[in-house]
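To start, the structure under review is shown below, and the notes come after it.
The values are calculated or read from the model by the stated rules, or taken from the named source; none is laboratory data. This structure is a prediction, so every number in the text was calculated from the model and none was measured. Glycine also receives a Cβ, built like all others from the backbone with ideal geometry; neighbour counts cover every protein chain displayed.
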Amino acid sequence: MELPVKQVPQLEVAVGVLLNREGHVLIAQRAQDSHMGGSWEFPGGKIVKGETPLQGLVRELQEELTIRVQYVRHLLRFNYLYPDRRVRLHVWQVLRWEGEPLGALQQPLRWTAVGELLNEGLLPADEEIVIALKNPEAVNTLAWQAYADAVSGSL
């Protein structure tokens, strides 16, 4: 006898991995009143209907960090199942941006060494990204450019 599978919503999420000159990665703390509030995460957010993952990334980083994405490299895409939702993460390394990352939503930001990320209370799905960062030869290294016109829909 087959048991019914609980239906959970699936979210499409764009994630940006920003590294500074010292090789530290930017993480942000989730609002206390959000899903898994207080956890740390890589910046990004939900892709809205009609957006490509890259367009969603550019928009989210502009809204959350007040930066303009200029050049990215696709790292990986994977699914993660939380008890109450399924998330498909589209992860990009942001190689160049304009502006200084600021917590536009008043969220705390922190630059952290890659080797310390797993000690920061990251979201469980983001722990998969850390594994990829520690094993760069195992991920997709196709380069993609994201200019300001990405937001207007040309990408």
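Going through LEU75, LEU105 one at a time, which residue ends up being closer than 18 Å to VAL130 by Cα and touching a residue at least 24 places away in the same chain (Cβ under 8 Å)? Result: LEU75 is the single residue among LEU75, LEU105 that is closer than 18 Å to VAL130 by Cα and touching a residue at least 24 places away in the same chain (Cβ under 8 Å).
Quick check, is GLY50 within 25 Å of THR112 (Cα to Cα) and either modelled with pLDDT of 95 or more or in contact with a strand residue (DSSP E or B) (Cβ under 7 Å, 6 or more places away or on another chain) (or both)? Taking the combined requirement at face value, the residue does not satisfy it. When you check VAL17 against the structure, is it at pLDDT 95 or above, under 15 Å from the mean Cα position of the chain (by Cα) and over 20 Å from LEU133 (Cα atoms), yes or no? In short, no.
Inspect the range 39-54 for any residue being among the charged types (D, E, K, R), more than 17 Å from ALA104 (Cβ to Cβ) and out of contact with any Leu (no Cβ under 6 Å at 6 or more places or on another chain) and give the result as yes or no. Yes, the range 39-54 contains a residue that is among the charged types (D, E, K, R), more than 17 Å from ALA104 (Cβ to Cβ) and out of contact with any Leu (no Cβ under 6 Å at 6 or more places or on another chain).
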